[in-house]
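Okay, structure first, notes after.
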Amino acid sequence: MEAKGIYERLQSRFGELISGSDLEAKDPWIAIAPAAIADVSRFLHDEKDLAFDSLSNLTGVDLKADNLLQVVYHLYSYPHRHKIVLKASVPRDEAVMPTVEVVWKAANWLEREVYDLVGIEFSGHSDLRRILMPEDWIGHPLRKDFVEPEEYHGISTRRESLLR
């Protein structure tokens, strides 16, 4: 199924919860209301003519200029050989959205990575804790306003540039 068909299916099922799209992009995408991401994901996974059985990637993006954090979901259907990208954005100061871990098990670690590096919490996640940074690390390194501390537990974080 082409991106337009997927968009039309979502639009007819979820209406206003589908808030935008760019179906002509290299990777066509559909914007979803954050509160609906789990329901939309379950629909895309369970409908036989859609059958998005693979969450290929899930990542977080800091859209600082718009005061938003965004989660980007790359979905693929092995039975039908089609793909789509979903995007859900939340305000930077209210960065919480539902987990999709119950739909795709791969979301467990991917959501933990986004939580750790971008600071988006996933409600309903079975084990939401840092995965790359130490548990006591302050801040989220992929946020555009992140300032690396001068040291961590007495160890300098300064290093020479590798770009010389």
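The values are calculated or read from the model by the stated rules, or taken from the named source; none is laboratory data. Predicted, not measured: the structure shown is a model, and the values here were computed from it. Ideal geometry is used to build each Cβ from the backbone, glycine not excepted, and the neighbour counts take in all protein chains shown.
Just to be sure I understand, how many residues within the range 14-24 are surrounded by 14 or more Cβ atoms within 10 Å (Cβ to Cβ) and not in a loop (DSSP other than H, G, I, E, B)?
The total comes to 6.
Please work out which residue is surrounded by the fewest Cβ atoms within 10 Å (Cβ to Cβ), limiting yourself to the range 116-164 and to residues that are of a type in the set (Val, Ile, Thr) and not in a loop (DSSP other than H, G, I, E, B). Show your work before the answer.
Of the range 116-164, the ones of a type in the set (Val, Ile, Thr) are 118, 120, 131, 138, 147, 155, 157.
Then keep just the ones that are not in a loop (DSSP other than H, G, I, E, B); that gives 118, 155.
Values: Val118: 21, Ile155: 6.
Among them, the one singled out is Ile155.
Could you figure out which of (1) within 26 Å of Gly119 (Cβ to Cβ); (2) surrounded by fewer than 19 Cβ atoms within 10 Å (Cβ to Cβ) isn't true of Tyr76?
With (1) within 26 Å of Gly119 (Cβ to Cβ); (2) surrounded by fewer than 19 Cβ atoms within 10 Å (Cβ to Cβ) applied to Tyr76, the lone miss is (1).
Of the conditions (1) farther than 20 Å from Glu47 by Cα; (2) touching a residue at least 40 places away in the same chain (Cβ under 8 Å), Asp127 satisfies every one except a single condition; which number is it?
The failed condition is (2).
What about Gly20, is it without any contact (Cβ under 8 Å) to a residue 60 or more places away in the chain and either over 30 Å from Pro141 (Cβ atoms) or not β-branched (Val, Ile, Thr) (or both)?
Considered against the rule, which asks whether it is without any contact (Cβ under 8 Å) to a residue 60 or more places away in the chain and either over 30 Å from Pro141 (Cβ atoms) or not β-branched (Val, Ile, Thr) (or both), Gly20 comes out as yes.
Inspect all residues belonging to the range 94-103 and state whether any of them is surrounded by fewer than 18 Cβ atoms within 10 Å (Cβ to Cβ) and assigned to a helix (DSSP H, G or I).
yes
May I ask you to say which residue of Glu151, Glu47, Glu101, Glu111 is at pLDDT 95 or above, acidic (Asp, Glu), at negative phi and over 16 Å from the mean Cα position of the chain (by Cα)?
Glu47
Conditions (1) without any contact (Cβ under 8 Å) to a residue 12 or more places away in the chain; (2) crowded, with 19+ Cβ neighbours inside 10 Å; (3) assigned to a strand (DSSP E or B), marked per residue:
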position	(1), (2), (3)
Met1	no, no, no
Ile6	no, yes, no
Lys26	yes, no, no
Ile30	no, yes, yes
Ala35	no, no, no
Phe43	no, no, no
Lys48	yes, no, no
Phe52	no, yes, no
Val61	no, no, yes
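Can you find a residue in the range 123-144 that is at pLDDT below 95 and of a type in the set (Ser, Thr, Tyr)?
Looking through the range 123-144, none of the residues is at pLDDT below 95 and of a type in the set (Ser, Thr, Tyr).
Does at least one position in the range 3-26 carry a residue that is closer than 23 Å to His125 by Cβ, modelled with pLDDT of 95 or more, of a type in the set (Gly, Ala, Ser) and out of contact with any Gly (no Cβ under 9 Å at 6 or more places or on another chain)?
no
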